[in-house]
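S.K.: Here you go, one structure.
The values are calculated or read from the model by the stated rules, or taken from the named source; none is laboratory data. Just so it is clear, the model here is predicted, and its values are computed rather than measured. Reconstructed Cβ throughout: ideal geometry from the backbone, glycine too, with neighbour counts over all protein chains shown.
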Amino acid sequence: MAGGELKRTLGFWGTIATGVGLVVASSTLVTLGNGFGLGGPAFIIPALAACVISILIALSYAELANMIPGAGMVGDYTAPALGRLAAIFAVLGGYVVLAFAAGAAESLVAGVSINGLVPAAPPLLVAGAIIIVFFVVNMLGVELFGKTQVVLTSVLMATIAVLGVVGLLGLGGGTPVSGLTFNPGGWGQLSQLVTLGIWLYIGIEFVCPMSEEIRNPERTIARAMIIGLVVIFVADMLFGLAMVRYTDLEALATSTTPHVVGAEGIAGNPGLVWVSAMTLLAAASSIDTLIAAIPRMLYGLAREGMLPRIFAYVNPRFRTPWVGICAVTLLIAAPLALAITIDTIITLILIAAVTWLVSYIIAQVDVIVLRRKYPDARRPFKTPFYPVPQVLGIAACVYMIFSVHPDPAMRNTIWLFAGLSALVILVYAVVWLKFVKKMTLFTPVPLDEELKIIREHSDPTESGPVDARIT
Amino acid sequence: MKPNKPAFPGAASGSSEVSSPAGGRASRQAHRALRQHAVLFEALGMRTTRELENAFLLEDDDLSFSLEYGLRWRLLSRIYNLRATMEVASPGPHAGAPYRLTLKTRGLVGASRDLAAAGPADKEGQRVADRVTASGLVDELAGKVDLESLSIAWVPESGAWRVALEPYPGSYIHVLLPPIRYAVRLKEPEAVAVRAFLADLSGILRRGKS
């Protein structure tokens, strides 16, 4: 075989672009607007705190990604540190809840955005229509959007920072509001907005699974994540500070689409139309991604015996996995049965944030455990000032979980549903590991075995064909 | 004599570094997933004669084709569809205009399959399509492998048919949010069925009008 080495293609700036691109979503802009509405200009402080905490977390991920290259997600780092139960929980608790909650939130936000442009179009109808369109498109196996989606949405999202500059320089034609104070809600409320702030940055660690594409990963990953976080902070704060200059805080705090309201305040009707279009496109992209990709994974899992066989059904006429597509669509559409208010959307987002924060805690614990168990393992990148970043990061995540929202009623609702999600995942993980796979729950997988599993999965020439699995 | 060749545009030559074909760059993880499938065909007696960034060129005494990924872009995901492509040269006089045969399935439960021709020389194409359909090869393949698409394009400039078969299994998914990388494994019986289909199809196409 005339073999060769694949080039590492992602440099420093490409890695930053990947990280930044991943975290920009409509739900991020909703939390940005809502945060500024609740906290006023002072929201910049919890947002900055959340950025610093994200940097601490990013350092842990950088160490793990360099120590265990080729790993796909946090479960690969957790299995050798804490065992398989924690690994499954870290993956499903973060990712499945995120997919469900964020997918629903995206469609709801898009529905309300379009309703702002076209009052005759009810938000639920628009949200449902987006989901139905991509349901049908994917059932029929039609390619829609494609690469255009990537370019269009990225360009639109880049305008957030531009809108911010336009607003702060007074170029958008908006009328500044009067009587704006720096910290209208008080320091007590402000301290409870950090979790809202963390949503601005969740996802920056998605750079890590691409570690094998990145040139000089031991230097690039950490630097790119940190600079990416700073870029997101600056762009979001420019837009946020411009929003509060031209929009009543109450409107931002209570609107289901505060970013659209804010854009209208900054730049009038053009701002409204532009950001509404961006919101719709971003939501459509998210929904399309989930409905197109995840059923294919369910198809594969069913073929491997990990899911009921029905998920391996491919409609012979349209040649698409109908059962998987229906299941994913139902999951995303289920929250449409709820009444759409800003509270609904923020609740969904913060439920996902809480389970994601648990995933972050697990990742940072992984660093500490692996340092103790494998002190001599190769670590091309080591977190500076270890274990200070990990201890501070864990403490910050715990704090954010407990102070998830200033409103006690909403806080209790978020804890309830996040807790229920966690319980369901735990029960599934225990049943799956103990009774189906007959594996231990808490015994860590030896690091060299985990590295071997990752290598075998990646390069079958080392040991023959390998079962595909979720990475 | 090898009657067909992989339909692979832009393959570089003479380089020890894996090069990128015209189809676009695959991630390393996707490339490794693709290699898994190439290994499966190697276990059936084929040889990988060339490894490109998005393709493996496989050959044995009767058949050669390229195994590659076609990339579907989404904002937050990449879906790599497994594709087996080959060129089958025409043995004699051939249509001067192009046509394309694509798999059509009729009935909601997929009761019947055939190939439909489209293009300037669609009448000639339909004769070829009917010959392939009558052979039962497509039905046999569909009974063993979930198919995503099958197309047979007549390229008059090359005097050859370009076959592209996409089975449903074998795809690789890379989702950014939530972060998922998953390879849908092609099973050995499916690889056997794909290889047999391509070998038999090239025989039918080469037999021309007889």
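Per-residue answers, yes or no, for (1) crowded, with 23+ Cβ neighbours inside 10 Å; (2) within 9 Å of another protein chain (Cβ to nearest Cβ); (3) in contact with a strand residue (DSSP E or B) (Cβ under 8 Å, 6 or more places away or on another chain):
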site	(1), (2), (3)
B:Leu44	no, no, no
B:Thr49	no, yes, yes
B:Ala55	yes, no, yes
B:Leu67	yes, no, yes
B:Ile79	no, yes, yes
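S.K.: I need every pair where a residue in segment A:86-101 that is within 16 Å of A:Val365 (Cα to Cα) has its Cβ under 8 Å from the Cβ of a residue that is not in a helix (DSSP H, G or I), sequence separation at least 6 or different chains.
M.R.: Here the result reads A:Ala86/A:Phe442; A:Val91/A:Met73; A:Val91/A:Ile470; A:Gly94/B:Pro178, each pair linking segment A:86-101 to a residue that is not in a helix (DSSP H, G or I).
S.K.: Got a sec? Which strands (runs of 3 or more DSSP E) wholly within segment B:129-210 have at least 2 residues that are touching a residue at least 24 places away in the same chain (Cβ under 8 Å) and away from every other protein chain (no Cβ under 14 Å)? Reasoning before the result, please.
M.R.: Values: elements: B:147-155, B:160-167, B:172-175, B:180-183.
Output list reads B:147-155, B:160-167.
S.K.: Restricting to segment B:183-206, what's the tally of residues that are surrounded by 24 or more Cβ atoms within 10 Å (Cβ to Cβ) and among the aromatic types (Phe, Trp, Tyr)?
M.R.: Qualifying residue count, segment B:183-206: 0.
Listed here are the residues, each with its yes/no results for (1) more than 14 Å from the chain's Cα centre (by Cα); (2) of a type in the set (A, V, I, L, M); (3) at pLDDT below 90.
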| residue | (1), (2), (3) |
| --- | --- |
| A:Gly3 | yes, no, yes |
| A:Leu10 | yes, yes, yes |
| A:Val24 | no, yes, yes |
| A:Thr28 | no, no, yes |
| A:Gly35 | yes, no, no |
| A:Leu38 | yes, yes, no |
| A:Pro46 | yes, no, no |
| A:Cys51 | yes, no, no |
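S.K.: Could you tell me which residue of segment B:28-42 is surrounded by the most Cβ atoms within 10 Å (Cβ to Cβ), considering only residues that are hydrophobic (A, V, I, L, M, F, W, C) and more than 7 Å from chain A (Cβ to nearest Cβ)? Spell out the reasoning first.
M.R.: To start, the set of residues in segment B:28-42 that are hydrophobic (A, V, I, L, M, F, W, C) comprises B:30, B:33-34, B:38-41.
In the following step, the residues that additionally are more than 7 Å from chain A (Cβ to nearest Cβ) were identified as B:30, B:33-34, B:38, B:41.
Values: B:Ala30: 22, B:Ala33: 30, B:Leu34: 24, B:Ala38: 23, B:Phe41: 25.
For segment B:28-42, the residue satisfying everything is B:Ala33.
S.K.: So which residues in segment B:72-120 are over 16 Å from the mean Cα position of the chain (by Cα), closer than 14 Å to A:Arg317 by Cβ, modelled with pLDDT of 75 or more and hydrophobic (A, V, I, L, M, F, W, C), if there are any at all?
M.R.: Within segment B:72-120, B:Ala116 is the sole residue that qualifies.
S.K.: Right, another one. Restricting the search to segment A:373-425, which residues are of a type in the set (Lys, Arg) and in a helix (DSSP H, G or I)? Let's see the steps before the verdict.
M.R.: Filtering segment A:373-425 down to residues of a type in the set (Lys, Arg) leaves A:373, A:378-379, A:382, A:411.
Scanning segment A:373-425 gives A:Lys373, A:Arg411.
Here's the yes/no breakdown for (1) surrounded by fewer than 17 Cβ atoms within 10 Å (Cβ to Cβ); (2) modelled with pLDDT under 85:
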position	(1), (2)
A:Asn412	yes, no
A:Ser421	no, no
A:Leu426	yes, no
A:Thr443	yes, no
A:Arg455	yes, yes
A:Thr471	no, yes
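S.K.: Quick check on segment B:155-172. Is at least one of its residues buried (at least 23 other Cβ atoms within 10 Å of the Cβ), within 30 Å of A:Ala101 (Cα to Cα), in contact with a strand residue (DSSP E or B) (Cβ under 7 Å, 6 or more places away or on another chain) and not small (Gly, Ala, Ser)? Full working, then the answer.
M.R.: Within segment B:155-172, the subset buried (at least 23 other Cβ atoms within 10 Å of the Cβ) is B:161, B:163, B:165, B:167-172.
With the extra rule that they be within 30 Å of A:Ala101 (Cα to Cα), the set shrinks to B:168-172.
This time we only want the ones that are in contact with a strand residue (DSSP E or B) (Cβ under 7 Å, 6 or more places away or on another chain), so: B:168, B:170-172.
Going one step further and asking which of them are not small (Gly, Ala, Ser), we end up with B:168, B:172.
Within segment B:155-172 (the criterion being buried (at least 23 other Cβ atoms within 10 Å of the Cβ), within 30 Å of A:Ala101 (Cα to Cα), in contact with a strand residue (DSSP E or B) (Cβ under 7 Å, 6 or more places away or on another chain) and not small (Gly, Ala, Ser)), the answer is yes, since at least one residue qualifies.
S.K.: When the residues of segment A:224-254 are filtered to those that are part of a helix (DSSP H, G or I) and hydroxyl-bearing (Ser, Thr, Tyr), which remaining residue is nearest to A:Ala158 (Cα to Cα)?
M.R.: Of all residues in segment A:224-254, those part of a helix (DSSP H, G or I) come to A:224-246, A:249-254.
Next, only the ones that are hydroxyl-bearing (Ser, Thr, Tyr) stay: A:246, A:254.
Details: A:Tyr246: 21, A:Thr254: 25 Å.
Out of the qualifying residues, it is A:Tyr246.
S.K.: Given the structure, is A:Ser285 hydroxyl-bearing (Ser, Thr, Tyr), in a helix (DSSP H, G or I) and under 30 Å from A:Ile88 (Cα atoms)? Spell out the reasoning first.
M.R.: Values: hydroxyl-bearing (Ser, Thr, Tyr): yes; in a helix (DSSP H, G or I): yes; under 30 Å from A:Ile88 (Cα atoms): yes.
Answer is yes for this residue.
S.K.: Go through segment A:147-182 and give me each residue that's assigned to a loop (DSSP other than H, G, I, E, B), at pLDDT 90 or above and surrounded by 15 or more Cβ atoms within 10 Å (Cβ to Cβ).
M.R.: Matches in segment A:147-182: none.
S.K.: Please specify each residue of segment A:162-204 satisfying the condition of being farther than 30 Å from A:Ile221 by Cα, in contact with an Asp or Glu (Cβ under 9 Å, 6 or more places away or on another chain) and of a type in the set (A, V, I, L, M).
M.R.: A:Val177, the sole residue that qualifies.
S.K.: Within segment A:339-351, does at least one residue satisfy the condition of being away from chain B (no Cβ under 12 Å), without any contact (Cβ under 8 Å) to a residue 24 or more places away in the chain and farther than 23 Å from A:Phe134 by Cα? Even if it seems obvious, please write down each step before you answer.
M.R.: Here is the first cut: in segment A:339-351, the ones away from chain B (no Cβ under 12 Å) are A:339-351.
Subsequent filtering for residues that are without any contact (Cβ under 8 Å) to a residue 24 or more places away in the chain retains A:339.
Then drop every residue that is not farther than 23 Å from A:Phe134 by Cα, which leaves none.
Within segment A:339-351, none of the residues are away from chain B (no Cβ under 12 Å), without any contact (Cβ under 8 Å) to a residue 24 or more places away in the chain and farther than 23 Å from A:Phe134 by Cα.
S.K.: Here is a follow-up. Scanning for something at pLDDT 85 or above, within 17 Å of the chain's Cα centre (by Cα) and either crowded, with 22+ Cβ neighbours inside 10 Å or not acidic (Asp, Glu) (or both), does segment A:236-259 turn up at least one residue?
M.R.: First, the residues of segment A:236-259 that are at pLDDT 85 or above: A:236-255, A:257-259.
Next cut, within 17 Å of the chain's Cα centre (by Cα) only: A:236.
After this cut, where a residue has to be either crowded, with 22+ Cβ neighbours inside 10 Å or not acidic (Asp, Glu) (or both) as well, the list is A:236.
Yes - at least one qualifying residue is present in segment A:236-259.
S.K.: Scan segment A:302-313 and tell me whether some residue there is under 19 Å from the mean Cα position of the chain (by Cα) and closer than 23 Å to B:Glu148 by Cα.
M.R.: Quick first cut of segment A:302-313, residues under 19 Å from the mean Cα position of the chain (by Cα) only: none.
So far as segment A:302-313 goes, no, none of its residues is under 19 Å from the mean Cα position of the chain (by Cα) and closer than 23 Å to B:Glu148 by Cα.
S.K.: Looking at (1) at pLDDT below 85; (2) in contact with a His (Cβ under 7 Å, 6 or more places away or on another chain), can you tell me which one A:Leu350 breaks?
M.R.: Of everything listed in (1) at pLDDT below 85; (2) in contact with a His (Cβ under 7 Å, 6 or more places away or on another chain), A:Leu350 misses just condition (1).
S.K.: Tell me whether segment A:285-293 contains one or more residues that are of a type outside the set (A, V, I, L, M), in contact with a helix residue (DSSP H, G or I) (Cβ under 9 Å, 6 or more places away or on another chain) and more than 30 Å from B:Ala142 (Cβ to Cβ).
M.R.: Looking for residues that are of a type outside the set (A, V, I, L, M), in contact with a helix residue (DSSP H, G or I) (Cβ under 9 Å, 6 or more places away or on another chain) and more than 30 Å from B:Ala142 (Cβ to Cβ), one finds at least one in segment A:285-293, hence yes.
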